[in-house]
Amino acid sequence: VNPLATTEDENSTKEDKSGTDLELNEPRKIESRPGSSRSHYEELSTLTDLIPCCVRAQKRFSFKLFLFLMTFGLDFLDFLVDWLFFRDIHGIKPGLVYGPIESSIVYSSLFFAIVGTIAIVFEIANIGKELFFEPAWINPDIVSCFFLWIEDIPQLIIGVRIAMCREEAVSLFQIIKASALLYGIVVRISLLSIRYFSKKGIDALQSMRKGWKYALKFMFLSGMIFILMGSVSVFVLTLFERGANESIRFNHPKSMFEEDYNEARYFDNVSIFFNHPVFDLNMYNETQRVHFVKLLSIYEIRSRKSALFKISYDELTKTKYVIWHEDKNGQLKADECYRINPMRGTVTFQQYYCDHFLWNDQVSSFIFKLKFIPSSIPERRFGDIQYNVLVRELGTCHSPQMDIVTTIENHKGEGHYDQAVIHYYRTRPGISQDHHLIVGGHSTARFYMFDEDLIDIATVWRTGFSFCKSTGNLAPDIRKDITVDCDM
C-alpha cells in the first residue's frame, strides 16, 4: 500500500486488486502526510513509480542504447579532439611572431590526453555495464565528476592559457574542444535528469552518505560552471583581437584561419637590419654605437618570396660601399652607394653611377639569399624568413669567418665588435626607410643606430591579450642548404 495515498486511494487500490476495471478509478493523488519523516528522495521515488512513461522508457533496450551511444559519441569526440589538439601544438615551428608552445604546456597536454583516454575507456565500460548488465562497478556520477576535474578542466585551462597569448585560435581543435565541453555539459545534465527520474537512480543516491551527496553535487555543479566560464573565455580570446592601435575588434569567424590577418601591429615599419664590424671600423666618433644597414622590409621579402642582396666595399680602405638588389629579371642592380669620411665619421650618399663606384678597387662582398616560407596553420601562422650568406674575397667565395648573431647583446668585445648581427627592428616614428641608410639633405647619410633609430622587435611582438613575450624567430633563420649564387 502506498503510504502517501489517502483512504479513498487505498479503497480504490483494493477494488483494483479485486478485479474492478482500472479505467473507472479516480487518478491517484500524491499528498505528503502531516508529520511525515520521509525524505525528498523517497517522495520523488514514489512519484516516478507513478509515471508509467518513466518506467516503460527506461526498461526499453532502444532507450538504453540511445543513452549509451550519446555517451559514447561525447567521449569519442573528447578523445579525438584531445589528441588532434596535442598534435597541432606539438607541431608548431619557429616563425615570424609565433614559435613553439612552451614545452611544459605541450607535455601537460600529452599527459592529460593519456589520462583522458584511460578515463573514456573506463567511463564507457562502466556506463555500459550499468545500462545492460547492472550494476555499474562505480556510481557513474562519481566517475563522471572525477574525470571532469582530472581531465576536462585541465585541458580547458591549457586552452585558455594558450588563447591568452594568441590573437587567433592556435588550432581548429582548440575551438572544437571548447564547443565539445559545452555540449558535454548539456549531455551530462540530461543523463543526470534521466538517471534520477527513476526509482533505481534515487535509491542509488539515497544509499550514499549525506556528506558525499552534498560533495558530489558541489563538485559537479562547480565543475560545470568552471567549464562554462572557461569555454566562453576561449571563444572571446580567439574571436576578438587587438588592432595596431591596441583597439579591440571582432575577428570574423570565416577569417580566423585564413592568411589575411591584422598584421599591421606586427609588421608595419619592420625590416631586416644587418651590422658587421666593418661598418663600425671608420666611425671613430661613434665607437660605442652599433651601425646597421637595412636589407629588406618583411613586406618586401614576403611579396617577392625570395631575394638576392649584396653589400660590396673596397677591401683596402673600407670606406666605399655599394648595395645591390636583384631586379625583376633576376639580375643584380647597383641600387645605392655610400662613402665614409673616416676623419669626420660622416657618410655621403650617391644613387647614380653606382655600378662603377668600385671600378678600380679590390672588392669584398656579403651576398645574401633570402627566402620567405609561406604561412601554414598551425605550424607557422605568419610564415618565416630564412637566409644564407657567403663572403666573396679575392675572387673566391666562402662562409663568413665570424659568427652572425641575432641580438646586440651577443656582440663580443668593447668598442669595435668582432661579430656580425642580423635582426628584425622597427624604426621609430619619423625615421624613414626609403633607403638602406638614413639619408638627409645635401646627400648626407648615416647608418641606422640602436636604439636611437630602431626599436627591438622583442618589445614590439607582444602577443595576445596578455602581451606575452614572442616565441618566434627575432631574426631570419640561417640555413646553410640555401644556394647562394656568388658569381652574380
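Every number in this text was worked out from the coordinates using simple rules, so none of it is lab data. These figures come from a predicted structure and were not determined experimentally. As a convention, Cβ positions derive from the backbone with ideal geometry for all residues, glycine included, and neighbour counts pool all protein chains shown.
Of the listed peptides 301-307, 380-386, what is their order by residue-averaged count of other C-beta atoms within 10 Å, with the highest listed first?
380-386, 301-307
Taking neighbour counts of Cβ atoms within 10 Å as a proxy for exposure, in what order, fewest first, do 182, 96, 74 appear?
The fewest-first ordering by Cβ neighbours comes to 182, 74, 96.
Order of 137, 149, 359 from fewest to most other C-beta atoms within 10 Å?
359, 137, 149
Could you give me the ³J(HN,Hα) list for the range 387-402, computed from phi with Karplus coefficients 6.51, -1.76, 1.60 and θ = phi - 60°, whole Hz, x at Gly and Pro?
Those phi angles translate into 7, 9, 9, 10, 10, 10, 9, 6, x, 10, 10, 7, 5, x, 7, 10 Hz.
Can you tell me the FRET efficiency between residue 333 and residue 289 if r is taken as the Cβ-Cβ distance and R0 is 41 Å, rounded to the nearest 0.05? Walk me through the numbers on the way to the answer.
On the way: r = 30 Å, r/R0 = 0.73.
The formula returns an efficiency of 0.85 here.
Note the full-extension length gain between residue 66 and residue 398 as 0.36 nm times their separation in residues minus their Cα-Cα distance, in nm to one decimal.
That works out to 112.4 nm of additional length.
Compute the FRET efficiency between residue 432 and residue 182 as 1/(1 + (r/R0)^6), taking r as their Cβ-Cβ distance and R0 = 60 Å, and round to the nearest 0.05.
0.70
Going by how many other beta carbons lie within 10 Å of each one, how would you line up 181, 77, 295, fewest first?
77, 295, 181
Quote to one decimal, in nm, the extra length available between residue 93 and residue 239 on full extension: 0.36 nm per residue of separation minus the C-alpha distance between them.
Working: separation 146, 0.36 × 146 = 52.56 nm, distance 2.32 nm.
Extending this stretch completely gives an extra 50.2 nm.
Stretch residue 376-residue 228 to full length: gain in nm at 0.36 nm per residue minus the Cα-Cα span?
Full extension from residue 376 to residue 228 adds 50.2 nm.
Can you classify the range 359-488 as rounded, prolate or oblate using the Cα gyration tensor, where a ≥ b ≥ c are the square roots of its eigenvalues, rounded means a/c under 1.5, and otherwise it's prolate if a/b beats b/c and oblate if not?
Oblate, because a/c is 1.5 or more while a/b does not exceed b/c.
Rounded to the nearest 0.05, what FRET efficiency is calculated for residue 268 and residue 121 with R0 set to 60 Å and r the Cβ-Cβ distance?
The formula returns an efficiency of 0.70 here.
In percent, what relative contact order does the range 382-488 have, based on Cα pairs under 8 Å that are 6 or more apart in sequence?
Reported as a whole number, the value is 33 percent.
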